[in-house]
Amino acid sequence: MTNTHITPAPFSRIKIRTGALVFCGDDVALIRRDRTDSTHYTPPGGNVEQGEDLDQALARELAEELGLDTAGAEGGDLMWVVDQRVTRPGPTPPPRKLHLIYRFHISPELRETLAEQELDELPDGSHEVGVIEWIDYRKVVELPIFPPIGPALAALADPHAAVTNAALDAVTDANYTWV
């Protein structure tokens, strides 16, 4: 029997990422990550672990990144799904990733108890520091947010507005460059 290592084709694996737009009034929590050559923002969240329930994954990620217990928040409805097929640097073929973006609303009192920084563990065991910023959702259209939800977010009539189309445009190499 020959033992051959087969490298999976790009986008042949699918990962699911749960994330949330956490609103306090008109402000939404985003994590700002400053890198040597770029700055970008992400909604708090992360990858769903093998066998993990989506709601549990979202609650775990919001607790880890914001210190938020979702039981103290209103909402939890799915707003958007973003299909990501973007080539990225590194030796591992990129996965196809489905971003599930949920929405929560919190009180100013709860906001005061949340984290101001988030530590994202890197492959070498060190951490990248992310800063939690509360930004008026109507002003995010020009921010480098990934997944690129800024225009859809800024277009909401208000933070509680109904979403009529949960599927946002796919993110591909044709319309996005990995930063």
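Taking region 1-43 only, how many residues are in a loop (DSSP other than H, G, I, E, B), at pLDDT 90 or above and of a type in the set (A, V, I, L, M)? Residues in region 1-43 being in a loop (DSSP other than H, G, I, E, B), at pLDDT 90 or above and of a type in the set (A, V, I, L, M): 0 in total.
For region 115-135, a residue qualifies if it is in contact with a helix residue (DSSP H, G or I) (Cβ under 9 Å, 6 or more places away or on another chain) and at pLDDT below 85, and exactly one does: ASP120. Taking the numbered list (1) assigned to a helix (DSSP H, G or I); (2) without any contact (Cβ under 8 Å) to a residue 24 or more places away in the chain; (3) under 18 Å from the mean Cα position of the chain (by Cα) in turn, GLU52 passes all entries but (1).
Criterion applied to ALA29, ALA20 was being closer than 22 Å to ALA167 by Cβ, open to solvent by less than 10 Å² (accessible area, probe 1.4 Å) and in contact with a strand residue (DSSP E or B) (Cβ under 7 Å, 6 or more places away or on another chain), and the one residue passing it is ALA20. Scanning region 118-149 for residues that are open to solvent by less than 70 Å² (accessible area, probe 1.4 Å), farther than 16 Å from GLY67 by Cβ and in a strand (DSSP E or B) returns GLU128, ILE135, ASP136, ILE145. Looking at this structure, is GLY72 out of contact with any helix residue (DSSP H, G or I) (no Cβ under 8 Å at 6 or more places or on another chain), open to solvent by less than 60 Å² (accessible area, probe 1.4 Å) and within 21 Å of LEU58 (Cα to Cα)? It is false that GLY72 is out of contact with any helix residue (DSSP H, G or I) (no Cβ under 8 Å at 6 or more places or on another chain), open to solvent by less than 60 Å² (accessible area, probe 1.4 Å) and within 21 Å of LEU58 (Cα to Cα).
Cβ-Cβ contacts under 7 Å between residues 6 or more apart (or on different chains), taken from a first residue in region 158-174 that is closer than 22 Å to PHE11 by Cβ and open to solvent by less than 90 Å² (accessible area, probe 1.4 Å) to a second residue that is part of a loop (DSSP other than H, G, I, E, B) and not acidic (Asp, Glu), are listed as LEU168/ILE149; VAL171/VAL86; VAL171/PRO147; VAL171/PRO148; THR172/VAL86; ASP173/VAL86; ASP173/THR87. Across region 78-97, the qualifying residues are those that are open to solvent by 40 Å² or more (accessible area, probe 1.4 Å) and modelled with pLDDT of 95 or more, and the one among them that is nearest to LEU21 (Cα to Cα) is LEU78.
The values are calculated or read from the model by the stated rules, or taken from the named source; none is laboratory data. Everything numeric in this text was worked out from a predicted model, so none of it was measured. Reconstructed Cβ throughout: ideal geometry from the backbone, glycine too, with neighbour counts over all protein chains shown. The area values use the complete protein model at the heavy-atom level, side chains included, leaving out ligands, DNA and RNA. Shrake-Rupley method; radii C 1.70, N 1.55, O 1.52, S 1.80 Å.
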